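Let me begin by presenting the structure, written as structure tokens, before commenting on it.
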Amino acid sequence: MENPLRLKSLNHISILCRSLEESLDFYLNVLGFFPIRRPGSFDFEGAWLFNYGIGIHLLQSEDPDSMPKIGHINPKHNHISFQCESMATVEKKLKDMKIEYVKSRVEEGGIYVDQLFFHDPDGSMIEICNCDNLPVIPLAGDTIRSCSLVKCNFQQQAQQQQQQIQQAVQMTQQQQVPCLSSVHLKEDYLPCA
């Protein structure tokens, strides 16, 4: 496979927010991200979050009233997808949190992938799935790999990322990290000063 730009990985996704506080609450307490240090030289409000090997950068909109209205949940819209351990657990949690969602199921050659779609506070679509059931089949060549096998190949990278996260948490605990006082963090997130 060609890599003309010599890319290594996906680093982060930026999301424009009507309310930084509401979006922080959602990404921390619903999706399980944790805050990481953001450069102090930025002259606009925002927050950087990390988990699952991906960063989410929240950006406070300069004109929240001009942002598009939140529409109906449409699985065909742009979305961020996360794999989960148990679809039943995710569905129960979404019900408990009173988050509206749409269910979908994909079938390919007798393999089923279940999906749940819902919006973040700004209307960005989130998908939760058991997509690792579906094999990754390159269009060129005869190699067939399942997402589960790919995960196994990257186990060492995942361990290294986990170590980096633990080091970042320890460093942050030793320093004062400013955050919005109205955001309620669970005990397993980084403490804020």
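Please treat every number below as a calculation from the coordinates, not as lab data. Here the structure is a predicted model, which means the values were calculated and not measured. When we count neighbours, we look across all protein chains shown, and the Cβ atoms used for this are built from the backbone with ideal geometry, even at glycine.
Structural remarks
- Within-15-Å neighbourhood charge of D63 [Cβ basis; K, R +1; D, E -1]: -2
- In sequence order, calculated HN-Hα J values of region 122-133 (Karplus, 6.51, -1.76, 1.60; Hz; x Gly/Pro): 9, x, 5, 7, 10, 10, 10, 8, 10, 5, 5, 5
- Packing-based ranking of 79-86, 107-114 yields 79-86, 107-114, ordered from highest to lowest mean Cβ neighbour count within 10 Å.
- The chymotrypsin sites (Phe, Trp or Tyr not before Pro) of region 42-73 that DSSP puts in a loop, and whose beta carbon has at most 14 other beta carbons within 10 Å, are F42, F44, Y52.
- Coil-residue GluC sites (Glu not before Pro) of region 1-38, DSSP, other Cβ within 10 Å capped at 11: E2
- Simple spin-label estimate for E2 and Q60 gives 4.4 nm between the two label positions (7 Å along the Cα-to-Cβ direction from each Cα).
- Centroid-to-centroid separation of region 75-125 and region 1-26 [C-alpha atoms, Å]: 19 Å
- Per-pair calculated FRET efficiency, R0 = 22 Å: I13 and L94 via Cβ, rounded to 0.05: 0.60
- Pairs of Lys residues in region 51-134, spaced 8 or more positions apart or belonging to different chains, with C-alpha separations under 15 angstrom: 4 in total.
- Rough spin-label spacing in nm, given labels placed 7 Å along Cα→Cβ, for F44 and V106: 3.2 nm
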